[in-house]
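Quick notes on the structure that follows.
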Amino acid sequence: MEELLYRSTRSDDSKVTASYAILKGLAEDGGLYVPERFPRLDVSMEELSKMTYQQVAYEVMKLFLTDYTEEELKYCISHAYDSKFDTEVIAPLVRADDAYCLELYHGKTIAFKDMALSILPYLMTIAARKNNVKNEIVILTATSGDTGKAALAGFADVPGTKIIVFYPKDGVSPVQERQMVTQKGDNTFVVGIHGNFDDAQTGVKKMFSDEKLREELDRSGFQFSSANSINIGRLVPQIVYYVYSYAVLEANGEIKDGDPINVAVPTGNFGNILAAFYAKQIGVPIRKLLCASNRNKVLYDFFSTGVYDRNREFYVTSSPSMDILISSNLERLIYQIAGGSAQKTAKLMKELTASGRYTIDEDMRKQLKDFYGNYASEEDTAKAIHDTYAAGYVIDTHTAVAASIWRRYRDETGDRTPTVIASTASPFKFARSVMTAINPQIGDKTEFELIDELSRVSGREEPQAVRELRTAPIRHKTECDVDQMEKTVKDWLAVE
Ligand SMILES: *Cc1c(COP(=O)(O)O)cnc(C)c1O
């Protein structure tokens, strides 16, 4: 296999191996690591259509992570995608209301981030070994709800690692918060900040690029790494399920080899949909990428005007994992449509930091034609849940945003291309919003009563992850102000 190296989106300086990029998370210049070129799938879709999820994962990941041996990759894959998932197929593709829902929520925390975060700790500890790291790795994460728990669950009690998660104290669902504050593991630390997700993410990014802090940590035997969706160790495992879903459609005779599909992705930080875009680059026949936003429609505005502008009101919605005004992974798409110009990308990202906005030029805009962006209001989202329920299938609020945009796209364009909707969370994780959409008269019930009700109307058993929450003790109570994040980290690690 020809070696594939990674470079920063913001400078041409150096190229690094995949394992190094996974270990570092973010490049030193603040840019994101991108592959220097796109590999191509070297097995046919027909062959892939006969494979298990784990086998497809190997065929995709070996193309991107070329400094891992076959044995190492297979070790990571078999330990990540095992009985932690409540279904052998890992990511079931379910036909619902004329589309195909790719259920990415059968892992430990019943949301799609498990797909990547169950494998990242394995990729990362092997990366540490490969790069002769002696320090203990401290995973530093900002979460809008789901990443945090999925990262905690992935890294809990993994030797040689610690994990610190910051979440917006009033910006996540009760179930999401409970999942995090009950996290077990002596190496885990969960902090609620008095701010929103962007504040949390900005604070974390600042710590990553703080040279002085880096030295202080190093002296105490620690170094930061990131489990956020900017890490290529998150991105690469996400490419897998787009390849897999195409292979499953082909295996089931829903499409013929080479037929195009569309994908609809509920989008926040732009990681999941970027993985679909990467899947297209390696050879999956994807026609349109439907980028679905909620009321925080910064991406819709970007796709329709070429202006990215985060200076706007921030809304807390029923799809909190998409309540984001700075979609970090968009930088990788910017780099791509800038023809791989680090200089151009760096300039735009500098503008974003300085003024909160940037404008792409006409040449760049022309290259966005694979994407269709739109957004769903809270009413649209509730309606999509209600309509899909009427068609016999229950979806969560995030998936509903994508379902709503898919319907609108189909009505606007008449495009009947078979569409895979990335179903990113179990409806049980957002029982209140889901049940209220199904039955607005639901009234004053507790979260767990609503979960029981949801179980009844959907005919689905409540997932293990929810059952555990009913009795789990609260282990994390730390809160802090936005400007106290660094101090909170140093105190916990006992770094002077
Ligand atoms: C994180 C998340 C999203 C958004 O995914 P991005 O990769 O950040 O765009 C959508 N839905 C759910 C349930 C999530 O947890």
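Rundown of residues vs (1) on the phi > 0 side of the Ramachandran plot; (2) open to solvent by less than 10 Å² (accessible area, probe 1.4 Å); (3) under 24 Å from the mean Cα position of the chain (by Cα); (4) not small (Gly, Ala, Ser), yes/no style:
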| site | (1), (2), (3), (4) |
| --- | --- |
| Ala390 | no, no, no, no |
| Tyr393 | no, no, yes, yes |
| Ile405 | no, yes, yes, yes |
| Arg410 | no, no, no, yes |
| Ile421 | no, yes, yes, yes |
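Would you check if Thr202 is within 27 Å of Tyr20 (Cβ to Cβ), of a type in the set (Ser, Thr, Tyr) and either away from the ligand (no atom under 16 Å from the Cβ) or modelled with pLDDT under 95 (or both)?
Details: within 27 Å of Tyr20 (Cβ to Cβ): yes; of a type in the set (Ser, Thr, Tyr): yes; either away from the ligand (no atom under 16 Å from the Cβ) or modelled with pLDDT under 95 (or both): yes.
So Thr202 fits the description; yes.
Looking at Val191, is it more than 16 Å from the ligand (Cβ to nearest atom) and either over 21 Å from Gly148 (Cα atoms) or free of Cβ contacts under 8 Å to residues at least 60 places away in the same chain (or both)?
So Val191 fails the test.
Any idea which of Thr399, Thr419, Thr436 is within 30 Å of Val284 (Cβ to Cβ), at pLDDT 95 or above, away from the ligand (no atom under 16 Å from the Cβ) and not aromatic (Phe, Trp, Tyr)?
So the residue among Thr399, Thr419, Thr436 that is within 30 Å of Val284 (Cβ to Cβ), at pLDDT 95 or above, away from the ligand (no atom under 16 Å from the Cβ) and not aromatic (Phe, Trp, Tyr) is Thr419.
What's the number of the condition Glu362 fails, among (1) under 27 Å from Val263 (Cα atoms); (2) out of contact with any Lys or Arg (no Cβ under 9 Å at 6 or more places or on another chain); (3) open to solvent by less than 70 Å² (accessible area, probe 1.4 Å)?
(3)
Please go through (1) assigned to a helix (DSSP H, G or I); (2) within 12 Å of the ligand (Cβ to nearest atom); (3) of a type in the set (Ser, Thr, Tyr) for Thr353 and return the number of the only condition it doesn't satisfy.
(2)
When you look at Ala150, is it at pLDDT below 95, within 21 Å of Ser319 (Cβ to Cβ) and either open to solvent by less than 50 Å² (accessible area, probe 1.4 Å) or more than 16 Å from the ligand (Cβ to nearest atom) (or both), yes or no?
It is true that Ala150 is at pLDDT below 95, within 21 Å of Ser319 (Cβ to Cβ) and either open to solvent by less than 50 Å² (accessible area, probe 1.4 Å) or more than 16 Å from the ligand (Cβ to nearest atom) (or both).
In segment 101-113, what count of residues is obtained for those that are at pLDDT below 95 and not in a loop (DSSP other than H, G, I, E, B)?
Qualifying residue count for the region: 2.
Please specify each residue of segment 319-340 satisfying the condition of being of a type in the set (Val, Ile, Thr) and in contact with a Gly (Cβ under 8 Å, 6 or more places away or on another chain).
Residue satisfying the conditions is Ile324 alone.
Can you name the residue in segment 310-325 that is in contact (Cβ under 8 Å) with a residue 24 or more places away in the chain and open to solvent by 30 Å² or more (accessible area, probe 1.4 Å) and is also farthest from Lys350 (Cα to Cα) among such residues?
The selected residue is Val316.
May I ask you to list the residues in segment 260-285 that are within 13 Å of the ligand (Cβ to nearest atom) and outside any loop (DSSP other than H, G, I, E, B)?
Residues satisfying the conditions are Val263, Ala264, Val265, Pro266, Gly271, Asn272, Ile273, Leu274, Ala275, Ala276, Phe277, Tyr278.
Provide a single number: the residues in segment 184-199 that are within 26 Å of Tyr122 (Cα to Cα) and either touching a Phe, Trp or Tyr at 6+ places or on another chain (Cβ under 9 Å) or small (Gly, Ala, Ser) (or both).
Number of matching residues: 6.
Restricting the search to segment 299-309, which residues are open to solvent by 10 Å² or more (accessible area, probe 1.4 Å) and closer than 27 Å to Lys429 by Cβ? So that I can check it myself, show each step before the final result.
Taking segment 299-309 and keeping what is open to solvent by 10 Å² or more (accessible area, probe 1.4 Å), we get 300-301, 303-305, 307, 309.
Within segment 299-309, Tyr300 is the sole residue that qualifies.
Considering only residues of segment 208-227 that are modelled with pLDDT under 95 and open to solvent by less than 10 Å² (accessible area, probe 1.4 Å), which is nearest to Lys288 (Cα to Cα)?
Ala227
Name the residue that is farthest from Lys490 (Cα to Cα), counting only residues in segment 157-187 that are free of Cβ contacts under 8 Å to residues at least 60 places away in the same chain and in a strand (DSSP E or B).
Among them, the one singled out is Pro168.
Would a scan of segment 233-244 turn up a residue that is charged (D, E, K, R), within 15 Å of the ligand (Cβ to nearest atom) and touching a residue at least 12 places away in the same chain (Cβ under 8 Å)?
From segment 233-244, those charged (D, E, K, R) are 234; that's our starting set.
Retained after the next criterion (residues that are within 15 Å of the ligand (Cβ to nearest atom)): 234.
Within this subset, residues satisfying the condition of being touching a residue at least 12 places away in the same chain (Cβ under 8 Å) are 234.
The answer is yes; a qualifying residue exists.
Give the number of residues within segment 362-401 that are part of a loop (DSSP other than H, G, I, E, B) and over 22 Å from Ile110 (Cα atoms).
7
Considering only residues that are open to solvent by 50 Å² or more (accessible area, probe 1.4 Å) and part of a loop (DSSP other than H, G, I, E, B), look in segment 442-467 and name the one that is nearest to Pro174 (Cα to Cα).
Among those residues, the one meeting the criterion is Thr446.
Looking only at segment 1-57, which residues are in a strand (DSSP E or B) and open to solvent by 30 Å² or more (accessible area, probe 1.4 Å)?
Correct list: Arg7, Lys15.
The values are calculated or read from the model by the stated rules, or taken from the named source; none is laboratory data. In this text, all values refer to a predicted model and were calculated from it rather than measured experimentally. All Cβ positions, glycine included, derive from the backbone under ideal geometry; neighbour counts span all protein chains shown. The area values use the complete protein model at the heavy-atom level, side chains included, leaving out ligands, DNA and RNA. Shrake-Rupley method; radii C 1.70, N 1.55, O 1.52, S 1.80 Å.
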